[in-house]
1. Please report, to one decimal in angstroms, the Kirkwood hydrodynamic radius of the chain built from all distinct Cα-Cα pairs.
2. Could you work out how far helix 148-158 tilts from the main Cα principal axis of the chain, as a 0 to 90 degree angle to the nearest 10?
3. Which pairs break 23 Å Cα to Cα here: Lys33/Lys242; Lys205/Lys234; Lys152/Lys234; Lys66/Lys252; Lys44/Lys247?
4. When a/c is below 1.5 the answer is rounded, else prolate if a/b is larger than b/c, else oblate, so apply that to segment 131-252 with a ≥ b ≥ c taken from the square roots of the Cα gyration tensor eigenvalues.
5. Just Val25, Val138, Val109 to compare: in a GNM of the chain, with alpha carbon springs under 10 Å, which one fluctuates most?
6. When Ile12, Ile47 are ordered from fewest to most other Cβ atoms inside 10 Å of their Cβ, what list results?
7. Between the helical axis of 66-76 and the dominant principal axis of the chain, each derived from Cα atoms, what acute angle in degrees is found, rounded to the nearest 10?
8. What's the exposure ranking of Lys152, Lys56, going from fewest to most Cβ atoms within 10 Å?
Amino acid sequence: MTVQSVHRALSILEMLANNPDGLGVIELSEKLKLPNSTSHRLLKTLIARDFVYQNKENDRYYVSMKLAQLSSNIIDNIDLRQIARPYIEQLSQAVNEVIHLCIRDENSVVYIDKVESNRTLRMFSQIGKRAMLHCTGVGKALLSGLTDEQIKTIINQTGLTKFTENTIVSMDDLFKEIETIRSNEYALDREEHEEGIYCISVPIKDYTGHTVAAFSISGPVERIKHAIDHRDYKDKILQTSKLISHKLGYQK
């Protein structure tokens with residue numbers, strides 16, 4: 001059950017936020033199909049709480065900066081791990097594989113959370129551990145959210161260290177891979193960092209559309225590669241990414 005006055009007040013805020021040049025009370029009422037008196041009464045309340053202000057020169061109403069201040073407070077207090085954890089746990093249960101959650105810190109990928117499966121598997125990853133960006137699925141997913149110039153700057157600083165026979169060691173090859181990732185919306189690690197380990201990874205985006213994290217399904221090459229090719233791992237990981245990104249305010 002919704003409270004009508006709250007619903008209408010929020011509709012006014014949304015309408016004013018989408019009209020940066022402001023709206024008069026009559027125009028606002030017409031757009032929201034509300035009586036002028038109702039709009040005026042709600043506007044007075046929103047003004048009293050500093051969510052809206054009126055320009056006395058043109059009698060138009062505008063959203064104040066209070067919403068931005070509230071949004072900033074929310075963003076400052078976001079705990080990515082806390083938000084993502086239930087979703088990556090659910091994904092791990094669905095596929096019974098290890099899930100890694102990572103962020104980029106300057107020129108490295110940092111593992112900030114890990115959900116184990118009930119299958120025994122020794123892997124490089126540990127919470128707090130770092131890896132290079134060009135040779136991991138999560139790293140390449142994070143790179144795909146940067147501009148080409150930003151990627152070039154990072155690679156010029158770090159180089160393209162070879163870890164296995166499958167590691168990308170050419171700038172041209174890396175950019176071809178990045179374009180594929182941007183198109184597919186997922187990245188693969190084809191035993192590029194550890195022999196025998198295969199991963200599929202996807203980016204997580206925030207309310208601005210920027211890539212802020214990435215997570216992966218990881219496991220033995222024979223098991224993960226087959227599951228990616230023949231099961232619904234791609235659909236599952238992409239859907240999980242959408243759910244987490246939506247929680248962070250991302251609207252595609």
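1. Values: mean 1/r = 0.0482 Å⁻¹.
Kirkwood radius, the chain: 20.7 Å.
2. Once rounded, the angle reads 40 degrees.
3. Over 23 Å apart, Cα to Cα: Lys33/Lys242; Lys152/Lys234; Lys66/Lys252; Lys44/Lys247.
4. Verdict is oblate for segment 131-252.
5. Val25
6. Details: Ile12 25, Ile47 14.
The fewest-first ordering by Cβ neighbours comes to Ile47, Ile12.
7. So the inclination is approximately 20 degrees.
8. Arranged by neighbour count, lowest to highest, Lys152, Lys56 become Lys56, Lys152.
Where a number appears in this text, it was derived from the coordinates with a stated rule and is not lab data. What you are looking at is a predicted structure, and each value in this text was computed from that prediction instead of being measured. Positions of Cβ are generated from backbone atoms using ideal geometry, with glycine treated the same way; all protein chains shown enter the neighbour counts.
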